[in-house]
């Protein structure tokens, strides 16, 4: 059984990967611009990236719950939560977040059935 929420979560994680790649350039660019013009666009730019990261956390939690109910492996959504939360806590974790989100996207899109442990 394939879940659409997993497909959309994987797509959103890819979008966040791209956003996290450009986030430092945008934030540093607006900081330089703010310093020269006396504006305050840096906080708005940073808030956008943080908002996208936390939306990713929520979306991955929904995918985790739905995957558990459908008997699909939870590896992708769990890694998606971790990757999005890494960036959501601090943009300094952009590179580790990227790596974790790329792996999360692969596992989320595969949607393998969960392995059942019968040894209990």
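Bear in mind that the values in this text are calculations on the coordinates, not laboratory data. Just so it is clear, the structure is predicted and the values come from calculations on it, not from any experiment. Backbone-built Cβ (ideal geometry, glycine too); neighbour counts: all protein chains shown.
For this structure, a couple of remarks:
- Arranged from fewest to most other beta-carbon atoms within 10 Å of their beta carbon, 20, 25 become 25, 20.
- Mean-square fluctuations from a GNM of the chain, with a 10 angstrom spring cutoff on Cα atoms, peak among 105, 36, 90 at 36.
- Stokes-Einstein D (µm²/s) once Rh is taken as the Kirkwood radius of the chain over alpha-carbon pairs, at 37 °C in 0.692 mPa s: 219
- Nearest 10 degrees, 0 to 90: helix 75-89 Cα axis against the chain principal axis: 20
- Label-reachable residues, region 1-43, where backbone N falls under 12 Å from a point 7 Å from residue 70's Cα toward its Cβ: 1-10
- GNM flexibility winner over the chain from 40, 60, 16 (Cα, springs under 10 Å): 40
- The label point for residue 37 and the one for residue 22, both projected 7 Å from the Cα toward the Cβ, are 1.8 nm apart.
- Cα-based helix-to-principal-axis angle, 4-37 vs the chain, degrees rounded to 10: 10
- Note on the chain: with a GNM built from Cα contacts shorter than 10 Å, the maximum mean-square fluctuation among 92, 63, 35 falls on 35.
- The angle between the Cα long axis of helix 42-70 and the longest principal axis of the Cα atoms of the chain comes to about 0 degrees, rounded to the nearest 10.
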